[in-house]
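Notes follow once the structure below has been shown.
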Amino acid sequence: MKEYKEIAEDILEILQTRESVSLQNLLEILQEKYALSKKEQKQMVACGRQTVFFNRVTLARTYLVKQKKIVIAKDDLIQKF
């Protein structure tokens with residue numbers, strides 16, 4: 001599975017062709033792009049509260065927000081800065 005910085009690059013690539021994207025839609029796009037197996041999609045982080053994939057995507061999203069490359073709008077849509 002990709003690391004969060006690699007996922008961050010893919011998020012920016014997706015936002016090149018879209019004005020905005022919801023987190024749920026982003027997760028679906030990336031799952032398809034990476035062709036994740038069911039096992040990979042269900043793999044949980046150590047605390048067992050979320051999947052590794054969800055964790056890395058949200059970490060990548062936070063990284064991009066802190067880098068001022070994206071913003072999260074009031075309606076939770078992810079947009080380019």
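Before moving on, here are some points about what is shown:
- The chain, accessible surface, carbon-and-sulfur percent (1.4 angstrom probe): 47 percent
- For Ile70, nonlocal amide neighbours, meaning residues 5 or more places apart or on other chains whose placed amide H falls under 5 Å from its own, are Val65, Phe81.
- Residue-normalised accessible area of the chain, given per residue in Å² at a 1.4 Å probe: 68 Å²
- Among the listed pairs Lys2/Lys68; Lys42/Lys80; Lys39/Lys68; Lys38/Lys69; Lys42/Lys69, those beyond 26 Å (Cα-Cα): Lys42/Lys80; Lys39/Lys68; Lys38/Lys69; Lys42/Lys69
- Using Cβ point charges alone (K and R +1, D and E -1), the dipole size of the chain about the Cα centre works out to roughly 260 debye.
- Placing pseudo-labels 7 Å out from each Cα toward the beta carbon at Met1 and Ser37 gives an inter-label distance of 1.3 nm.
- Options Thr17, Leu36, Thr62, ranked by Cα towards positive dipole end of the chain, top entry (Cβ charges): Thr62
- Relative contact order, percent, region 16-81 [alpha-carbon distance under 8 Å, six or more residues apart]: 36 percent
The values are calculated or read from the model by the stated rules, or taken from the named source; none is laboratory data. Keep in mind the model is a prediction, meaning the values are calculated, not measured. All Cβ positions, even for glycine, are placed from backbone atoms using ideal geometry, and neighbour counts span all protein chains on display. All accessible areas refer to the heavy atoms of the entire protein, side chains included, with ligands and DNA or RNA removed. Shrake-Rupley method; radii C 1.70, N 1.55, O 1.52, S 1.80 Å.
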